[in-house]
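Q: Quick one: the structure is below, and I'll ask about it shortly.
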Amino acid sequence: EPEVTQTPSHQVTQMGQEVILRCVPISNHLYFYWYRQILGQKVEFLVSFYNNEISEKSEIFDDQFSVERPDGSNFTLKIRSTKLEDSAMYFCASSTGVAYNEQFFGPGTRLTVL
Amino acid sequence: RKEVEQDPGPFNVPEGATVAFNCTYSNSASQSFFWYRQDCRKEPKLLMSVYSSGNEDGRFTAQLNRASQYISLLIRDSKLSDSATYLCVVHHTGGFKTIFGAGTRLFVKA
């Protein structure tokens, strides 16, 4: 069964450093998403991406964040200058459609900022 | 008011019990509704979509009341394996924005 994959599973970085989280969505999916979940808190929407551009973003997704689909398979989330409060689990998801379609989630990358 | 609110839980029930979870949403323009399940430190996984007519999948029944902006999930004959956090999820702005509730934790005990 096709699945969303994410690398690395755990990333440890120093405050102020740049990190890139990588995702490989399911191959025939067209819509891509990033979410974060701070430990013990709810899943929070960051951004949706379709047709090589951002469709929607949340208040959390400020200028420190960017997304890219550099080739036909990868979907990346970059955090330019990490802060302690960026420590969280980051989930990538993909779907075939938008409003009524299931989103398939990757296993997540745990980001720890020291 | 939170965009999606759920019973805080946790719910502790014995095996075989019936348990109901409630969820309300604040944006009347919300388009589609789902229940996801999340196991500890794992990714969310779709449990079922929620339709206005109500829908059932085995032991699980979901209902939507658009007028009251209310969604429910009923689990019958609870199993130990049902222990998880149940997430109420709403799509709006054409589905490009997804809002999760904080989740309701369920513990099913033997």
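The values are calculated or read from the model by the stated rules, or taken from the named source; none is laboratory data. Note that the structure is a prediction, hence the values are computed from the model and not measured. Reconstructed Cβ throughout: ideal geometry from the backbone, glycine too, with neighbour counts over all protein chains shown. Areas reflect the complete protein model, heavy atoms only, side chains present, ligands, DNA and RNA absent. Shrake-Rupley method; radii C 1.70, N 1.55, O 1.52, S 1.80 Å.
Q: Would you report the distance distribution of C-alpha pairs in the protein assembly as shown as whole percents per 10 angstrom bin, up to the bin with the largest distance?
A: 8, 33, 35, 19, 5, 0
Q: Applying 1/(1 + (r/R0)^6) with R0 = 45 Å to the Cβ-Cβ distance of B:LYS45 and A:GLN14, what FRET efficiency is obtained, to the nearest 0.05?
A: My answer for the efficiency is 0.85.
Q: Please figure out what share of the DSSP beta bridges in chain B is antiparallel and state it in percent, rounded to the nearest 5.
A: 90 percent
Q: Just grab the label-to-label distance for A:ILE38 and B:GLU5, each label 7 Å out from Cα along the Cβ direction, in nm (one decimal).
A: For the pair A:ILE38/B:GLU5, the computed spacing is 2.1 nm.
Q: Through the Karplus equation 6.51 cos²θ - 1.76 cosθ + 1.60, θ set to phi - 60°, convert the phi angles of the stretch A:27-40 into ³J(HN,Hα) values in whole Hz; use x for Gly and Pro.
A: Values per residue, Gly and Pro as x: 4, 9, 7, 10, 10, 10, 9, 10, 10, 10, 9, 5, 3, x Hz.
Q: At a threshold of 8 angstrom on Cα-Cα distance, excluding pairs fewer than six apart, so keeping six or more, what relative contact order does the stretch B:23-62 reach in percent?
A: Reported as a whole number, the value is 29 percent.
Q: Size of chain B along its principal axes in angstrom, Cα-based, largest extent first?
A: 42, 30, 22
Q: Put a dot 7 Å past each Cα toward the Cβ at B:ALA17 and A:ILE60; how far apart are the dots in nm?
A: 3.1 nm
Q: Could you calculate the FRET efficiency of B:SER28 with A:TYR100 from 1/(1 + (r/R0)^6), where r is the beta carbon distance between them and R0 is 22 Å, rounded to 0.05? All intermediate terms of the calculation are to be shown ahead of the outcome.
A: Values: r = 18 Å, r/R0 = 0.80.
For B:SER28 and A:TYR100, the calculated efficiency is 0.80.
Q: While we're here: Per residue of the stretch B:35-45, what does 6.51 cos²θ - 1.76 cosθ + 1.60 with θ = phi - 60° give for ³J(HN,Hα)? Whole Hz please, x for Gly and Pro, Karplus curve as stated.
A: 10, 10, 10, 10, 7, 3, 6, 10, 7, x, 10
Q: B:ALA17's amide H: which non-local residues (gap 5+, or another chain) put their own amide H closer than 5 Å, with H modeled 1.01 Å from N in plane and none for Pro or chain starts?
A: Answer set, sorted by chain and number: B:SER78.
Q: Taking a temperature of 10 °C and a viscosity of 1.306 mPa s, what whole-number D in µm²/s does Stokes-Einstein yield for the stretch B:38-97 with Rh from Kirkwood over alpha carbon pairs?
A: 122 µm²/s
Q: What whole-number value in Å² describes the accessible area per residue of the protein assembly as shown for a 1.4 Å probe?
A: Ligands and nucleic acids excluded, the figure is 48 Å² per residue.
Q: What's log10 of I(q)/I(0) for chain A at q = 0.12, 0.18, 0.21 Å⁻¹, Debye sum over Cα points only, no solvent?
A: Evaluating at q = 0.12, 0.18, 0.21 Å⁻¹ gives log10 I(q)/I(0) of -0.37, -0.86, -1.17.
Q: Show A:THR13, B:THR24 ordered by accessible area, largest first, where the area counts protein heavy atoms only and the probe is 1.4 Å.
A: The ranking, largest first, comes out as B:THR24, A:THR13.
Q: Next question, about the same structure. Taking the Cβ-Cβ separation of B:SER53 and A:THR7 as r and a Förster radius of 41 Å, what is the calculated FRET efficiency to the nearest 0.05?
A: According to the calculation, E is roughly 0.50.
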